[in-house]
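Contents: one structure, followed by commentary.
Bear in mind these aren't lab numbers, they're just calculated from the coordinates by the rules spelled out. All values reported here derive from a predicted model rather than from experimental measurement. Positions of Cβ are backbone-derived with ideal geometry, glycine not excepted, and every protein chain shown enters the neighbour counts.
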Amino acid sequence: MIILTLLRLNRTSMNRLAQTLGLSRANASGLVDRLVRKGLIERRRSEQDRRLVLIQLTSEGQRVAHHLARQNRQGLRRMMKRIPEADLKVFIQTLEQLALGLADSD
């Protein structure tokens, strides 16, 4: 999940990543540490504020993230093909209402 989130956010702070994922900063930091050791994420100091550490995907992390995103889309496509069209319309309407509700809650 962290890898796909970083693909979307590009470069971000640990606080923003933790908040986006609904994790504590300590939990997010531990997960990021493991991904750094695997060479999928790197930490860099902000050029504007040297106190701020930003995290981003490495080129290998980007490759892995794109692969995971592709697999997710394919799985979703397969799942959606199993839903009858009438049910799919109701499902889409429900998702649209959910999205509107989430947007209003910000």
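Before moving on, here are some points about what is shown:
- Amide H contacts of Ile41: Val36, Thr58, each under 5 Å away and 5 or more positions distant or on a separate chain (H built 1.01 Å from N in the peptide plane; Pro and chain starts excluded).
- For segment 39-106, applying the loop criterion from DSSP together with a ceiling of 11 other beta carbons within 10 Å to the GluC sites (Glu not before Pro) yields Glu47.
- Residue-averaged [θ]222 nm for the chain, counting only DSSP H segments that reach four residues, each worth -39500 (n - 2.57): -22500 deg cm²/dmol
- For segment 60-106, the equivalent ellipsoid built from the Cα gyration tensor has semi-axes of 26, 20, 4 Å, listed from largest to smallest.
- A simple spin-label model places the labels of Asp49 and Ser29 1.7 nm from each other, with each point 7 Å out along Cα-to-Cβ.
- Summing Lys and Arg as +1 and Asp and Glu as -1 over all other residues whose Cβ lies under 13 Å from the Cβ of Val53 gives a net charge of +4.
- Residue-by-residue Karplus 3J(HN,Hα) for segment 32-45, coefficients 6.51, -1.76, 1.60, Hz, glycine and proline x: 5, 3, 5, 6, 5, 4, 7, x, 9, 10, 10, 9, 9, 6
- Trypsin sites (Lys or Arg not before Pro), loop per DSSP, at most 15 other Cβ atoms within 10 Å - longest free stretch of the chain: 1-37
- D (Stokes-Einstein, µm²/s), Kirkwood Cα radius, the chain, 1.306 mPa s at 10 °C: 99 µm²/s
- Kirkwood Rh, angstrom, segment 44-83 [1 / mean 1/r, Cα pairs]: 12.6 Å
- Computed FRET value (nearest 0.05) for Lys81 with Glu42, which takes r as the C-beta separation and R₀ as 30 Å: 0.20
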